[in-house]
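Each value in this text was obtained by applying a stated rule to the coordinates, not by laboratory testing. Because the structure is predicted, anything quoted here is derived from the model rather than measured. Methodologically, a virtual Cβ is constructed for each residue, glycine included, from the backbone with ideal geometry; neighbour enumeration extends over all protein chains shown.
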Amino acid sequence: MDQPSTSYAASRAWPMEPWSHKSLPDMKRYIQELVLQSSSRHRFPYDQIPARFMLDRLNEAPKLGSRFEHYHRDVRDSLIAKATQRLQAQPGQAGATQYGDKLAEYYLEQLQQHFEPEKKADYRQSYARLAQNNVAPTAYLQEALTYKPYLGISDSEFATNWVSRLDPEVNARVLSKWGLVHQEEWFGKIKEIAVDAEIAFSEATDAKLGGGGECDSTGEPQQQQSSSPSTVKPSSCSCYASSAAELSAGGEPQQPLTRFEASDSARVSTQRADSVSPSPAGSNAAKPHGGGPKATAHESYEKDPDGGWIWGNAREFDPALKAQLQEAVHARKGSAFAYSMDEVTGLLR
């Protein structure tokens, strides 16, 4: 039985077995170690290994009778001449000497080109079957991008296909936001879309596993609440979310929001707060509020000089609780945060 050479063994098995493009990464490591061992064992400078010496080492690589050996026989006699011709055709390299390290690089490049047609067909078949299939969307995107250079499709078609093959729950959540953006723009924002898909996938997974990421029928989070009535803390559950302006005005959020939607909600709420100016003392005039329902002004409303949101005057908004809420909101300036009504005990009840 044939055994692999151990004189310059970079692998403990024959390289390019099986004869497929999938063996190329191992072949690359084999050649890299072959160059290092040729330099260290024979005391050649790394970039001055004789080309003929390196060719002799490459001649030892294929297994006798293998398809790799048949390929190697076809290219070995002209390998040094062709590698030298390519080297000297490069700018400033006329008359340059071909050394072993560059010969090994050229050999690997030619081997990779040999497998390009097979690799293209294999990647297209893999892409045709590719879908999220309950894996992380970012991992699914990375695999799809690996196939992309071999697909012959436009960026827009690639991005549209990628979104359409997300799991149904994730796809619906992604389209709820990105469906408003023209599909021609999706590829340029594909990593942002993947991040949103990752959030949706995480929440869907939490819900299936019963990990406390859902609310019960009353909108309360299904997790243990703090026993301290004065504790205000953010929650990661998919419960009610609101801006500081809506809470301080004593009104509950109009609809439940998830973490996936919270950032957009906070952005809109901040814009609304910036559009409301404090009313003169004693004024009770109703003013438009962001194009939505009118908000009643009150002399005790005040606009935060740092954040731009409006602090209101809920009935049970005592000074201590107000200071506590303001501290929590300032600590999260510029970010969305979600919480349940129980976690701001006493504020709205």
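Starting from the Cα of S78, step 7 Å along the direction of its Cβ; do the same at A94; then give the gap between the two resulting points in nm.
Here the modelled spin labels are 2.5 nm apart.
To the nearest Å, what is the center-to-center distance of segment 151-188 and segment 38-101, using C-alpha atoms only?
With segment 151-188 and segment 38-101 each reduced to a Cα centre, they are spaced 46 Å.
Can you give the local net charge around D122? Use residues other than it whose beta-carbon is closer than 13 angstrom to its beta-carbon, Lys and Arg +1, Asp and Glu -1. Intermediate values should be presented prior to the final figure.
Details: positive: K22, K119, K120, R124, R129; negative: E116, E118.
Charge balance near D122 sits at +3.
Assuming a ≥ b ≥ c are the square roots of the Cα gyration tensor eigenvalues, decide whether segment 127-209 counts as rounded (a/c under 1.5), prolate (otherwise, with a/b larger than b/c) or oblate. Each step should come with its number before you reach the end.
On the way: a/c = 2.18, a/b = 1.37, b/c = 1.59.
Note, shape of segment 127-209 comes out oblate.
At 0.36 nm per residue, minus the direct Cα-Cα distance, what do R332 and S176 gain on full extension? Give it in nm, one decimal, please.
Roughly 53.6 nm would be gained on extension.
Net charge near M54, counting Lys/Arg +1 and Asp/Glu -1 over other residues with Cβ under 10 Å of its Cβ? The partial results should precede the final answer.
Numbers: positive: R52, R57, K102; negative: D56, D101.
Net of charged neighbours comes to +1.
Pulled fully out, how much extra length does the chain show between N59 and A121, if you take 0.36 nm times their separation in residues and subtract their Cα-Cα distance? Don't jump to the answer; show the numbers that get you there.
Details: separation 62, 0.36 × 62 = 22.32 nm, distance 2.95 nm.
Length difference between fully extended and current span is 19.4 nm.
Assuming R0 = 51 Å, can you tell me the calculated FRET efficiency for the pair E109 and A207, based on Cβ-Cβ distance, to the nearest 0.05? Walk me through the intermediate numbers first.
Values: r = 50 Å, r/R0 = 0.97.
So the FRET efficiency works out to roughly 0.55.
Calculate, in nm to one decimal, what Q48 and V135 gain on full extension: separation in residues at 0.36 nm each, minus their alpha carbon distance. The partial results should precede the final answer.
Working: separation 87, 0.36 × 87 = 31.32 nm, distance 4.78 nm.
Extra length available between Q48 and V135 comes to 26.5 nm.
If the limit is 25 Å between Cα atoms, which of K28/K148; K82/K148; K119/K189; K28/K82; K22/K102; K22/K63 go over it? Intermediate results must be reported in sequence, preceding the final value.
Working: K28/K148 22 Å; K82/K148 31 Å; K119/K189 28 Å; K28/K82 20 Å; K22/K102 23 Å; K22/K63 17 Å.
Where the Cα-Cα span goes over 25 Å, the pairs concerned are K82/K148; K119/K189.
Provide the net charge surrounding E109, with neighbours chosen by a C-beta distance below 12 Å and charges set as Lys +1, Arg +1, Asp -1, Glu -1. Walk me through the numbers before you get to the answer.
Details: positive: K28, K82, R86, K102; negative: E105, E116.
Here the charged neighbours net out to +2.
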